[in-house]
Ligand code: ZN
Ligand code: FE
C-alpha cells in the first residue's frame, strides 16, 4: 500500500516521501540527512526523486542521495539542477514502475521561471507554487505568469490533495483573514489547522476544494477580495491579475 509521509526539514519544509514497504520516491529533498534517516529506518530503496524548482531548500540533498542510491532524478528541464537524470516540462509523464506511480508534469512558473508541479493518483506536488491558503513569492515571474499557473492548478479535480513544500498555513491564514475575514470557510479552517499545529501535526495535505474556498490567491475574482483590493488601491482593480498582484504585494510585507 502506498503511504505519503512528510519528512520535516529545516524550519518549515516538508520533504514528501511516497513509499510502500520496499521503495520510496522523495519530492524536493532539500536536506539529505533526514531523508537517509527515514529511508534507513524503514529499509526503503530510493527509486526516484522529483524536483519542483532550483531553490536550495528543495535541491540541497539531491546529489548526496543520488550518489548513494542512484535513483532517477526528474527535474525541470528549464532550470539547472545538479545531478538530474531526466529533464521534464509541461505535458511530460513521469513513470515510477517500482511503485506503480505515474505523474503528469505541469509547468507552474512564477515563484521561479522553470517551476513544475507533479500530478498523479489524485495528488499534486506543487513545491512553492500553491501553498495551503497562500502561494509562493514571485522571485522570478510576474503576477500574470503566476496567475496563469494558479489557474491551471485550480482546474484540477476538487478532491485533489495538495502537497506543498512548506508549513506556512497558519501565517497564510492570518494574512487571508485581513482580506477575506468574513469568509466562514476560512474561519473554520483556522480552527482546524490551529488544532492540528497544537498537536504537532502537519496541516497538509489540503484539498483543492478547500483552497478554492479559502485561499485568497485562488479567489481573485470573488467580490470580497476585489473589495479588499479596491480599498487598498482606492479605485477598482482593472482585472483579476491586478487583484492577485495587490494581494501578493500585501502578503510580501505582512
Ligand atoms: Zn522556493
Ligand atoms: Fe521553498
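All of the numbers you see were taken from the coordinates with simple rules; none came from a lab. These numbers were taken from a predicted model, which means no experiment stands behind them. Don't worry about glycine lacking a Cβ; one is built from the backbone with ideal geometry, like all the others, and counts go over all protein chains shown.
Axis angle, to the nearest 10 degrees, between helix 143-154 and the longest C-alpha principal axis of the chain: 70 degrees. A Cα-only calculation for the stretch 20-104 places Rg and Dmax at 12.1, 35 Å. Over the stretch 68-213, what is the relative contact order in percent, taking alpha-carbon pairs closer than 8 angstrom and at least six residues apart? Worked out over the stretch 68-213, it gives 18 percent. Cβ-Cβ distance of residue 11 and residue 42, R₀ of 35 Å, FRET efficiency by 1/(1 + (r/R0)^6): the value works out to about 0.90. For residue 64 and residue 235, what is the calculated FRET efficiency with R₀ set at 51 Å and r taken between the beta-carbons, to the nearest 0.05? Plugging the Cβ-Cβ distance into 1/(1 + (r/R0)^6) gives 0.45.
Compute the whole-percent fraction of alpha carbon pairs in the stretch 16-61 spaced more than 12 Å apart. Beyond 12 Å sits 56 percent of the P(r) for the stretch 16-61. Each peptide in 191-198, 240-247, 127-134 receives the mean, over its residues, of other Cβ atoms within 10 Å, and ordering these scores from highest gives 127-134, 240-247, 191-198. The C-alpha atoms of the chain define a longest principal axis, and helix 240-252 lies at about 70 degrees to it. Each part gets one Cα centre, and for the stretch 106-158 versus the stretch 201-254 those centres are 15 Å apart.
Size descriptor for the stretch 126-194, Kirkwood hydrodynamic radius: 13.1 Å (Cα pairs only, one decimal).
Each helix, a run of at least 4 DSSP H residues, gives -39500 (n - 2.57); summed and divided by the residues of the chain, these come to -10500 deg cm²/dmol at 222 nm. Highest mean packing first, where packing is the average number of other Cβ atoms within 10 Å per residue, the peptides 231-237, 26-32 line up as 26-32, 231-237. State log₁₀ I(q)/I(0) for the stretch 118-164 at q = 0.19, 0.23, 0.27, 0.30 Å⁻¹ as given by the Debye formula over alpha-carbon point scatterers of equal weight, solvent excluded. With no solvent term, the Cα-only Debye profile gives -0.58, -0.83, -1.08, -1.24.
Each of the peptides 141-149, 104-112 was scored by the mean count of other Cβ atoms within 10 Å over its residues; in descending order, highest first, they stand as 104-112, 141-149. Modelled label-to-label distance, residue 199 and residue 174, 7 Å Cα→beta-carbon offset: nm? Simple spin-label model gives 2.3 nm for this pair. Debye-formula intensities of the stretch 102-254, expressed as log10 I(q)/I(0) at q = 0.19 Å⁻¹, are -1.18 (one equal scatterer per alpha-carbon, no solvent).
Ranked by how many other Cβ atoms sit within 10 Å of their own Cβ, fewest first, the residues 49, 15, 170, 162 fall in the order 170, 162, 15, 49. Just to verify a number: FRET efficiency for residue 98 and residue 188, C-beta to C-beta distance, R0 = 51 Å, to 0.05? So the FRET efficiency works out to roughly 0.80.
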